[in-house]
Every structure is written in structure tokens, then in C-alpha cells.
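Below you'll find the structure, written out as C-alpha cells, and then a few comments.
Just so it is clear, none of the values below were taken in a lab; they were calculated from the coordinates. Remember, predicted model here, so these are calculated numbers, not experimental data. For neighbour counting, all protein chains shown are included, and Cβ atoms are generated from backbone atoms with ideal geometry for every residue, glycine included.
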Amino acid sequence: QKIIWELKIYDSSYNDYPKNIALFLNGDVLYAADNLGFVYSIDTETGKPIWQQNYGIPFSSHLNFHKGILYVVNQNSRLYAFNPSDGQKIWSFESLSGLIKPSRSSNISLYDNKLLFSNDVGDITAIDLNQQVIIWTKNILSQNNISNNLVFKISNILIDKNDVFVSSNSGDLFNFNLDTGEIKWSQKLSSIQNHIITDKFLFVLTENAYVVAFNKFNGSILWSLNLNKYSKSIIEGSNVGIFSTPINNDHFGLLLGSGHLYITSASGYIFKISATDGKYILSKKINNELSRAPIIVNNKILILNRSSQLIIVN
């Protein structure tokens, strides 16, 4: 494959700092926010930076773009609204923040002039973007985990019309009413993965490697598959299985394509199961170590490994 352009963003003083960069593509402009406090934009046609700002405090969420405004949450659980043309702050809102700053405590989701975001103490806050006021706030961190000093991590905040689906490592999956924050249903499970929704179903990958299909309207479990059942050794004569070491769910990903669910493991395997009934179909080793959840583009599965190599799978 031909490299179109490469761009060095950081000067040498940042060489020794690990980078965690959130990206958002809007048209031909790529926006980025990182754990060093930088937010910047790049022209994807030329590879040249358009603007760059440093706000001094690490950003901890992904980016989101809505009606000409760029949104991101920083490490102190402050929500920022930026002007996408120059990176200047338009407004901000600060929620509660704990002493421990986990890397996956903040998420943003937008729908119909409502913005939902999470903080590191387990609050989900809904904001009316027209009025810039709080509509409702709910805490999804259980009391048991508060007393156990759990480092809070959260899934994506998935909005489906008037429903909000979200879970965490605290032990609960919730379905909220988008307008009121009222709990419609809940289930006991822990998951920090991105959930998948269809017209009838919600698919969840749990921290203990179960894939679960729910009726999205009432929360009933339709089927579940324990991936640990398929942890037997892949290499003949070896006693090292796919899940012989503790599962790192940060390196798992759940995809839906052509009626099948695909799951990747940090040890380099990809699993294929039926989305209809949860039956295991196959597993295949594609790399030694995978480091990111995959995506589907033009009927291809794209995955990065720990060496930042791009792997493309049919």
C-alpha cells in the first residue's frame, strides 16, 4: 500500500511520553485530542496541520462532532465544546471527578440536541445542547464497588432513539429513558466493550468472555455463549490455550456483519459466531498480539496489532 502522507505532530520534548490519541474524521478534516492536553486538526488532503491548541490537562474521552461543534471530555471530567475552525473553547461544563483518573471512564454520545457523557465517579449526565443545562444525572456505580475503591471503566453510551444502553466494570447493564433518565430495565453483568444494537437485539461482550444477546425492549436474555469453552489448545501438543492467561477485555472487540458476530482476542485470534442463535462457528489465529478493537470497512475487517501493523481480513 502507498503512504499518501505522514505528519509529525509532537516536538522532541514529548518523545518519552506515551500517546493516547482520539481521532474524529469530519469531511476532509481529521480532529485529534490526546492525553497530553493537545487538541488539533489536520487537512487529510494535504496532511498539513490546520490548528493546534494545548489545554494543559489530558483529554480522556473520544471526540464527537455535532452541528458544527467539537466535543471532548478531559481527565478532570470537564466537558469542552470547541470551535472546529480554530480549536478555541466555546463553553465547558465540569462534573464531579475522583482522585484516580482511569483511562476509560469518559464517553460521549449525542442524539437530537442531547449530549450524554460519563465521568470517573460513575455519573451519566444528559445535557440539553440548545439551553446548555442538565436534563438528568444518574450514577451507575454500585455501592459495593464504591466501598471497594473500584477503578471505574465504562462501555460506549449507546443511544437508540429514546433508549440509552450503557454498562461498566461495576457489574450492571442499564437501559435508560433518554428524556428522563428513568431506568427501563437492568441486568447484572460487567462490560466495558462497545455494545451493538439492531432493530430488536442488543449484543454485549462481558468481562468474563461471554457474548450475550438481549431483547432490547425488555432486557430478557435470548442466548449467551461462553468463549472460555473454546480455550483448548490450538497448537497440537501445546498446553497453552487462547485464554490460558487472564483475559484482557481492553483488547477485545465485538463486530456485527452479514448475520455474524466477530470477536478478537489480545492473543491474536478472531472468533466467528452466529448472531441469530449464538452458535460457535470458527476461530482463527491471525496475529500474535492484537491491540485495538477491529472495524469493518468495505466488507473487510481491519485490525491493528501491538506493532501498529494493519491487518486486513476477509
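Observations on the structure shown:
- Among 308, 283, 167, sorting on how many other beta-carbon atoms sit within 10 Å of each Cβ, with the fewest leading, yields 308, 283, 167.
- Among 124, 281, 221, the residue with the largest mean-square fluctuation in a Gaussian network model of the chain, with springs joining Cα atoms closer than 10 Å, is 281.
- Placing R0 at 41 angstrom, the Cβ-Cβ distance between residue 54 and residue 210 gives a FRET efficiency of 0.45 after rounding to 0.05.
- Computed extension length for residue 200-residue 277: 26.4 nm, one decimal, from 0.36 nm per residue of separation with the Cα-Cα distance subtracted.
- Top of 48, 114, 89 by mean-square fluctuation, Gaussian network on the chain, Cα under 10 Å: 48
- Net +/- balance of residues flanking residue 73 in space, Cβ distance below 11 Å, scoring K and R +1, D and E -1: -1
- Spin-label model distance (nm) - residue 298 vs residue 223, 7 Å beyond Cα toward Cβ: 3.2 nm
- Measuring nothing but how far apart in sequence close Cα pairs (under 8 Å, 6+ apart) lie, relative to its length, the chain scores a relative contact order of 6 percent.
- For segment 292-309, backbone phi angles converted through the Karplus equation (6.51, -1.76, 1.60; θ = phi - 60°) give residue-by-residue couplings of 9, 5, x, 10, 10, 9, 6, 6, 10, 9, 10, 9, 9, 9, 5, 8, 6, 8 Hz, Gly and Pro being listed as x.
- Here's the list of lysines a cross-link from residue 184 could span, going by alpha-carbon distance under 26 Å and ignoring same-chain residues fewer than 8 apart: 114, 138, 153, 161, 200, 216.
- Summing +1 for each Lys or Arg and -1 for each Asp or Glu among the other residues whose beta-carbon sits under 15 angstrom from that of residue 9 gives -1.
- Amide proton proximity set for residue 50, modelled H, under 5 Å, gap of 5+: 41, 42, 43
- Reported label for calculated P(r) over Cα pairs in 10 Å bins from 0, in percent given [x] 5, 21, 32, 28, 11, 2, 0, 0; [y] 5, 21, 25, 20, 14, 9, 4, 2, 0; [z] 5, 24, 33, 27, 10, 1, 0: [z]
- On the basis of the beta-carbon distance and an R0 of 45 Å, residue 13 and residue 134 show a calculated FRET efficiency of 0.70.
- For residue 292, residues with placed amide H under 5 Å, excluding near neighbours: 304
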